[in-house]
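Q: For reference, the structure I am asking about is given below.
The values are calculated or read from the model by the stated rules, or taken from the named source; none is laboratory data. Predicted, not measured: the structure shown is a model, and the values here were computed from it. Cβ sites come from the backbone with ideal geometry, for glycine too, and all protein chains shown count toward neighbours.
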Amino acid sequence: MGGNIKGMNKRKVKNYCLTLPLAKEDYPFGPDVQVFKIKEKLFALMTTRKGAERVNLKCDPEEAIILREIFEDVIPGYHMNKMHWNTIILSGSIPDGEIKRMIDRSYCLVVKKLKKNDRESLEIKYGHKKVFKSYASPWV
């Protein structure tokens, strides 16, 4: 499972996360847990558990439930607040575009909670569309 070439894998998720404005990679929990942050706020956490690559992403509570109902490989966030976080198992069963949308959504939810000055400077530097490209959820 770990070397999934067809769908999203840890390398592709990492590369995508790092395209987001001011996103940074960190390892605060040790070398086996990749964390992606915006202004020191976590929006993605990636690891391998039981041989499966996984990414935890922040999510609106209603959308989190809907995604779990639609996709077998979306489960309540492992070691996270299960109301606000989902774990996505990177098995290839979820389309790449959907995983990217979930990453964008997580990033946007975190940006939305940044201090006003930080949020506004992000928008000025990168533009509203680049920062909030998928903020509008089709479900919520």
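Q: Within the set of pairs 6+ apart or on separate chains, which have a first residue in the range 7-35 that is more than 24 Å from Asp118 (Cα to Cα), a second that is loosely packed, with under 12 Cβ neighbours inside 10 Å and at pLDDT 95 or above, and C-beta atoms under 7 Å apart?
A: Val33/Tyr27
Q: What residue, among those in the range 38-48 that are in contact (Cβ under 8 Å) with a residue 40 or more places away in the chain and touching an Asp or Glu at 6+ places or on another chain (Cβ under 8 Å), is surrounded by the most Cβ atoms within 10 Å (Cβ to Cβ)?
A: Lys39
Q: Please find, among Asn9, Asn4, Asn81, the residue that is closer than 27 Å to Lys130 by Cα and modelled with pLDDT under 95.
A: From the options Asn9, Asn4, Asn81, the qualifying one is Asn9.
Q: Right, Ile103: in contact with an Asp or Glu (Cβ under 7 Å, 6 or more places away or on another chain) and of a type in the set (Val, Ile, Thr) or not?
A: no
Q: May I pose another question? Against the definition (touching a residue at least 40 places away in the same chain (Cβ under 8 Å) and touching a Cys at 6+ places or on another chain (Cβ under 9 Å)), how does Ile103 come out, yes or no?
A: For Ile103, the condition - touching a residue at least 40 places away in the same chain (Cβ under 8 Å) and touching a Cys at 6+ places or on another chain (Cβ under 9 Å) - is met.
Q: Report, by residue number, each residue of the range 58-70 that is surrounded by 19 or more Cβ atoms within 10 Å (Cβ to Cβ), more than 28 Å from Lys125 (Cα to Cα) and in contact (Cβ under 8 Å) with a residue 24 or more places away in the chain.
A: The answer is Leu67, and nothing else.
Q: Given the residues Val110, Val55, which is the only one that is surrounded by 15 or more Cβ atoms within 10 Å (Cβ to Cβ), within 27 Å of Pro28 (Cα to Cα) and either among the polar types (S, T, N, Q) or in contact with a Lys or Arg (Cβ under 6 Å, 6 or more places away or on another chain) (or both)?
A: Of Val110, Val55, the one residue that is surrounded by 15 or more Cβ atoms within 10 Å (Cβ to Cβ), within 27 Å of Pro28 (Cα to Cα) and either among the polar types (S, T, N, Q) or in contact with a Lys or Arg (Cβ under 6 Å, 6 or more places away or on another chain) (or both) is Val110.
Q: Show me the strands (runs of 3 or more DSSP E) entirely contained within the range 30-140 in which 3 or more residues are under 17 Å from Cys17 (Cβ atoms) and within 13 Å of the chain's Cα centre (by Cα).
A: Hits in the range 30-140: 34-38, 41-49, 52-58, 85-89.
Q: Let me confirm something: among Ile94, Ile89, which residue is buried (at least 17 other Cβ atoms within 10 Å of the Cβ), in contact (Cβ under 8 Å) with a residue 12 or more places away in the chain and farther than 20 Å from Phe36 by Cα?
A: Only one candidate qualifies: Ile94.
Q: Does Asn15 qualify as being touching a strand residue (DSSP E or B) at 6+ places or on another chain (Cβ under 6 Å) and of a type outside the set (A, V, I, L, M, F, W, C)?
A: Here the answer is no, as Asn15 does not meet what is asked.
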